[in-house]
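A short write-up of the structure that comes next.
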Amino acid sequence: MVWGAFMIARKWFCRSFRAGAASGLVVLAALTFVPMPAVAQTTAPEVFAPLPDAPDVNEARAKLGAMLFFDDRLSGDTSHSCASCHDPAKGWGTGEPLSHGYTSILYFRNAPGLFNVASRNYFMWDGRLDGSDLGTVVRDMLTEAHTMNMDSRLAQERLKQVPEYVDLFEDGWGGDPYGGKIYGAIGEFLKTIRTVNAPFDAYLRGEDSAIDDAAKRGMELFAGKAGCSQCHSGPMLSDGDLHALGVPDHPELIGATAAGNAGHAGHSGPTSANPTADRQIAMLRHFATMGTPNYMNLRTDVGHYVVTKDESDIGKFVTPSLWDVEQTAHYMHSGVFDTLEEVVEFYNAGGGEGANKTELLKPLGLNANEKADLVEFLKSLTGDAPAVTIPELPEYQLREVGKN
């Protein structure tokens, strides 16, 4: 299966490269699948496993999706594309603690990176979407008012007036642009966003020198004394579940402070004289949309509770995968930690405080050297930065009358 996926991706890349030379289409050299070597015996604890195999990819649909991902005509006022909040140059996130949304909206959660997104159990920090359907998560992001605010009927009519897109939809789907095909094509592209050349993955496949001694000590701590593998294990380095850790909300959500504003130094997105109010409004709108009980009396992010309406789920968020973690700062659903060192210190203290906090978290008693080794191990989970050439998008060219 891996070799088949590699041959599909190789053929797609070659075709994309030839087409790109002539028409400016996207080239995704670093995201091309490569065959994984066989797994050899290592000294890694059994809680670890190499990255999951690459999924099968429909090359024609993924090529179309790669262009749509960067096209701002898929937002209501043509101001945003998927890449606006999932920038490959920023670990497929925003590089900011909290995200921004449609037009001037300031959002209330961190934008998660997209590495290995096709292998996740849940989408969204609150776990509101099942991980088996990438097309549905794309639809959610495109049509939600606070993300891209797009009506699918408008999107398909826009794309019908671009001859290059019409041809690509015909190649991928055998028909004209249509809402479900748009979602599916972008979902197919998302399958190609993979961890590439992570040292720890190479180590798990038998290359003992791929990580240094500090990272190996950190690996043992991760699986042992530090207890990280209780929730971060297996091929995705995640249990695919939701837990309450007592992670604090970002200051810009619960009340702007000097620390909160400093966290947005160099912010290139929307600005506001009162970011706390703007982020609270976005959060409460989300709570209302999800039918959250008594939502106007909430001022903190309650997580999975908005999905289940069960008070035992207040404060629970999805366990993220840790692959490429060094590329995806800031950390946690609230983006409250800027560095891996801060994350390790949070866990060393036994987590935070809050409703339904998991019993898995206890103070760890790690010394300075142990914390440093743990950070070195986390860094070994990170592969190459994405090498993505942004596509030169085709222009409108209205269809002839009678051919609409």
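The values are calculated or read from the model by the stated rules, or taken from the named source; none is laboratory data. Remember, it's a predicted structure, so these values are computed and weren't measured experimentally. Please note: Cβ atoms are built from the backbone with ideal geometry, for glycine as well, and neighbour counts cover all protein chains shown.
Checking each residue in region 124-160 for being among the basic types (Lys, Arg) and not in a helix (DSSP H, G or I) picks out only Arg128. When residues in region 96-123 are screened for being part of a loop (DSSP other than H, G, I, E, B) and surrounded by 18 or more Cβ atoms within 10 Å (Cβ to Cβ), 18 of them pass. Scanning region 78-93 for residues that are part of a loop (DSSP other than H, G, I, E, B), in contact with a strand residue (DSSP E or B) (Cβ under 8 Å, 6 or more places away or on another chain) and under 22 Å from Leu237 (Cβ atoms) yields a single hit, His86. Remark: pairs (first residue in region 168-183, assigned to a helix (DSSP H, G or I); second residue among the aromatic types (Phe, Trp, Tyr); Cβ separation under 7 Å; 6+ apart in sequence or on different chains) = Lys181/Phe169; Lys181/Trp173.
A Cβ distance below 8 Å, combined with a sequence gap of six or more or placement on separate chains, defines the contacts here; from region 336-350, residues that are more than 21 Å from Pro112 (Cβ to Cβ) reach residues that are basic (Lys, Arg) and not in a loop (DSSP other than H, G, I, E, B) in the pairs Glu345/Lys371; Asn348/Lys371. Within region 66-75, does at least one residue satisfy the condition of being under 20 Å from the mean Cα position of the chain (by Cα) and at pLDDT below 95? No - not one qualifying residue is present in region 66-75. The selection criterion, being small (Gly, Ala, Ser), in a helix (DSSP H, G or I) and not assigned by TED's automatic domain parsing to the domain that holds Ser104, does not hold for Ala355.
Quick grid of which residues meet (1) closer than 24 Å to Asn197 by Cα; (2) surrounded by fewer than 20 Cβ atoms within 10 Å (Cβ to Cβ):
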residue: Trp323; (1), (2): yes, no
residue: Gly335; (1), (2): no, no
residue: Leu366; (1), (2): no, yes
residue: Leu374; (1), (2): yes, no
residue: Gly383; (1), (2): yes, no
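The condition of being touching a residue at least 60 places away in the same chain (Cβ under 8 Å), in a loop (DSSP other than H, G, I, E, B) and either of a type in the set (A, V, I, L, M) or not assigned by TED's automatic domain parsing to the domain that holds Ala118 (or both) holds for Ala226. Screening Lys379 against (1) touching a Phe, Trp or Tyr at 6+ places or on another chain (Cβ under 8 Å); (2) touching a residue at least 40 places away in the same chain (Cβ under 8 Å); (3) within 22 Å of Gly95 (Cβ to Cβ) leaves a single unmet condition, (1).
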